[in-house]
Structure formats: structure tokens, C-alpha cells
Amino acid sequence: MLYLFLLILLGIFYQDIKERKVFIWLLVLAIGCNGVLYYQQTLQQLFFLHISINSILILILLLILFVYTKFKMKMSLFEALGLGDILFFLVFAIGFPVETFLLLFITSLLFSLIIFISLKAKLRHKTVPLAGFQALFLFLILFINLAFDIVNLYTI
């Protein structure tokens, strides 16, 4: 299942970089794969507790972004953030315990910012392929962890 998830992450990265859009079914597969990987590693009660907390944190973030884009930027949320980006947030929320989710999610956003700033001149589009960069980040973390067996990301 982990190998399938890694392939899906590469697919999301490629699509978002190339076309600035990702097939919804690919994102749903990513959510499902990561959710199954986490579910297999933890107790059922902890799984549901952690994805509930993670989802609430994502909803709070989206609410803040909604208010900011509406009143400060004078645009809709979906003009500033794509549906694929929001769905990719769920890949993190459904697939990890709260501590790992927070660490990986925040680090992936910083990674995306650094990569975008570094490659800004070379990119065709001037928008951030956030889901793609986050997918690349998660791929790298999972691949390195698989290769060197550093830590189990799905347990606390």
C-alpha cells in the first residue's frame, strides 16, 4: 500500500506542476491510501480521534483563510486556494496522528514556500502548485523513511 501511495504522490506532483490541476480521483486515492496506512498502524478509537482533531484544525485554517481572502484580498477562497490544495490538506489530516500531522503539515508549507521562491523565475504559471509541492515533500519524507527506517510516522 505504501508503494502505491508513493506512486500516487508522484502523480499528484507531476500533474500539479505540469497542468496546475490534479484529478480529483487521484487526490481521493491519496486520502484513502494514507488513511488505510494510518488505520493499520493504530487503534480504531485513536484513528478517529486524531483525524477528528486534524480535520478541525484544517477547518479552522480554512476559515481563517476564507476571512482573510474575503476581506483583505477581496477575492474568493477558491481564487486564492485550489480545490486540489484543500483536498491535499486532507491527505495529511486523515493519514497521521495529531503530532505528526502538525509537524509534517507545517513543514510541507515551509518546503513549498522555499521551493516556489527558488523556482519562481522558471515556472510558467505564477501561482503556487501547493498540492504538488506538498506531495513532493510527503513523497521525499516517506521514501527516505522507507529506505532508512528512521521512524514510524503513523504512531505516536
Original post:
Which condition number does ALA93 fail, the rest of (1) of a type in the set (A, V, I, L, M, F, W, C); (2) closer than 27 Å to LYS18 by Cα; (3) in a loop (DSSP other than H, G, I, E, B) being met?
Top reply: (3)
Original post:
Between a first residue in segment 1-27 that is without any contact (Cβ under 8 Å) to a residue 12 or more places away in the chain and a second residue that is assigned to a helix (DSSP H, G or I) and surrounded by 20 or more Cβ atoms within 10 Å (Cβ to Cβ), which pairs have beta carbons less than 6 Å apart while being 6 or more apart in sequence or on different chains?
Top reply: none
Subject >> Filter result (free of Cβ contacts under 8 Å to residues at least 24 places away in the same chain and either touching a Gly at 6+ places or on another chain (Cβ under 7 Å) or among the β-branched types (Val, Ile, Thr) (or both)) within segment 85-111 >> reply: ILE106
Subject >> Unique match (being free of Cβ contacts under 8 Å to residues at least 12 places away in the same chain, closer than 18 Å to ASP16 by Cβ, assigned to a helix (DSSP H, G or I) and not aromatic (Phe, Trp, Tyr)) among ILE144, ILE114 >> reply: ILE114
Original post:
Quick check: is even one residue across segment 132-143 within 24 Å of LEU26 (Cβ to Cβ), at pLDDT 90 or above, touching a Gly at 6+ places or on another chain (Cβ under 7 Å) and among the hydrophobic types (A, V, I, L, M, F, W, C)?
Top reply: no
**OP:** Please work out which residue is surrounded by the fewest Cβ atoms within 10 Å (Cβ to Cβ), limiting yourself to segment 116-156 and to residues that are of a type in the set (Gly, Ala, Ser) and over 23 Å from ILE51 (Cα atoms).
**Re:** ALA121
Subject >> Residue list for segment 14-38, restricted to those being surrounded by fewer than 17 Cβ atoms within 10 Å (Cβ to Cβ) and hydroxyl-bearing (Ser, Thr, Tyr) >> reply: TYR14
Subject >> Selection from segment 66-77 of residues that are assigned to a helix (DSSP H, G or I) and in contact with a helix residue (DSSP H, G or I) (Cβ under 6 Å, 6 or more places away or on another chain) >> reply: PHE66, THR69, LEU77
**OP:** Report yes if VAL151 is of a type in the set (Val, Ile, Thr) and under 10 Å from the mean Cα position of the chain (by Cα), otherwise no.
**Re:** no
Original post:
For segment 147-156, how many residues meet the condition of being of a type in the set (Phe, Trp, Tyr) and either touching a residue at least 12 places away in the same chain (Cβ under 8 Å) or closer than 23 Å to PHE47 by Cα (or both)?
Top reply: 1
Original post:
Of LEU83, LEU63, LEU90, which residue is surrounded by 15 or more Cβ atoms within 10 Å (Cβ to Cβ) and of a type outside the set (Asp, Glu)?
Top reply: LEU90
**OP:** With respect to LEU110, determine if the residue is touching a Leu at 6+ places or on another chain (Cβ under 7 Å) and either at pLDDT 95 or above or within 20 Å of ALA135 (Cβ to Cβ) (or both).
**Re:** no
**OP:** Select, from ILE56, ILE60, ILE17, ILE31, the only residue that is of a type in the set (Val, Ile, Thr) and under 13 Å from the mean Cα position of the chain (by Cα).
**Re:** ILE31
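The values are calculated or read from the model by the stated rules, or taken from the named source; none is laboratory data. On a predicted model such as this, the values are computed, not experimentally measured, just so you know. Because the Cβ atoms are built from the backbone with ideal geometry, glycine has one as well, and the counts that use them run over all protein chains shown.
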